[in-house]
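Enquirer: Here it is, the structure in full.
The values are calculated or read from the model by the stated rules, or taken from the named source; none is laboratory data. Every value quoted in this text rests on a predicted model; they were computed, and no experiment measured them. Heads up, the Cβs are rebuilt from the backbone with ideal geometry, glycines too, and the neighbour counts pull from every protein chain shown.
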Amino acid sequence: MAQFDVHRNQGKNRDEIPYVVLVQSSLYDSYRRRVVVPLVRKSSLGKIGASRFNPSFKIEGITVVLHPLEIVSVANDQLGEFVKSLDAEGNRIMDALDELLTRAWG
């Protein structure tokens, strides 16, 4: 498992959220959990206001949108099958997380 790897969602919402992307640094690979962000079917969402916060990707012919507000940690054995790496899109994913965690006052 590597940062920006996409795995199948094995949870109950897998129709709307077919994948999750691992965002946790490899510094924490020894832990038994991984921090992931859902990749939601674009067709399941309404209007997407901020492309920086919700970048979209095409995976197995499905357009999905990163949903940082639903970030979660899952047990390693609960991650589904590896699908692909989004390593080449890592900057876009980190930009979205920066947007989520920034200290914007006002």
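Enquirer: Sort out which residues of the stretch 5-40 are among the hydroxyl-bearing types (Ser, Thr, Tyr) and part of a strand (DSSP E or B), and write them in order of number.
Expert: Tyr19
Enquirer: Sticking with this one: Just the residues that are touching a residue at least 12 places away in the same chain (Cβ under 8 Å), farther than 17 Å from Lys84 by Cβ and not hydrophobic (A, V, I, L, M, F, W, C), please, taken from the stretch 17-40.
Expert: Scanning the stretch 17-40 gives Gln24, Ser25, Ser26, Asp29, Arg32, Arg33.
Enquirer: Take the residues in the stretch 4-50 that are surrounded by fewer than 12 Cβ atoms within 10 Å (Cβ to Cβ) and within 23 Å of Asp95 (Cβ to Cβ), then tell me which one is modelled with the lowest pLDDT.
Expert: Result: Gly49.
Enquirer: While we're here: How many residues are within 19 Å of Ser44 (Cβ to Cβ) and surrounded by 18 or more Cβ atoms within 10 Å (Cβ to Cβ) if we restrict to the stretch 68-85?
Expert: 1
Enquirer: Among the residues of the stretch 41-84, which ones are of a type in the set (S, T, N, Q), outside any loop (DSSP other than H, G, I, E, B) and in contact (Cβ under 8 Å) with a residue 24 or more places away in the chain?
Expert: Those that are of a type in the set (S, T, N, Q), outside any loop (DSSP other than H, G, I, E, B) and in contact (Cβ under 8 Å) with a residue 24 or more places away in the chain: Ser44, Ser73, Asn76, Gln78.
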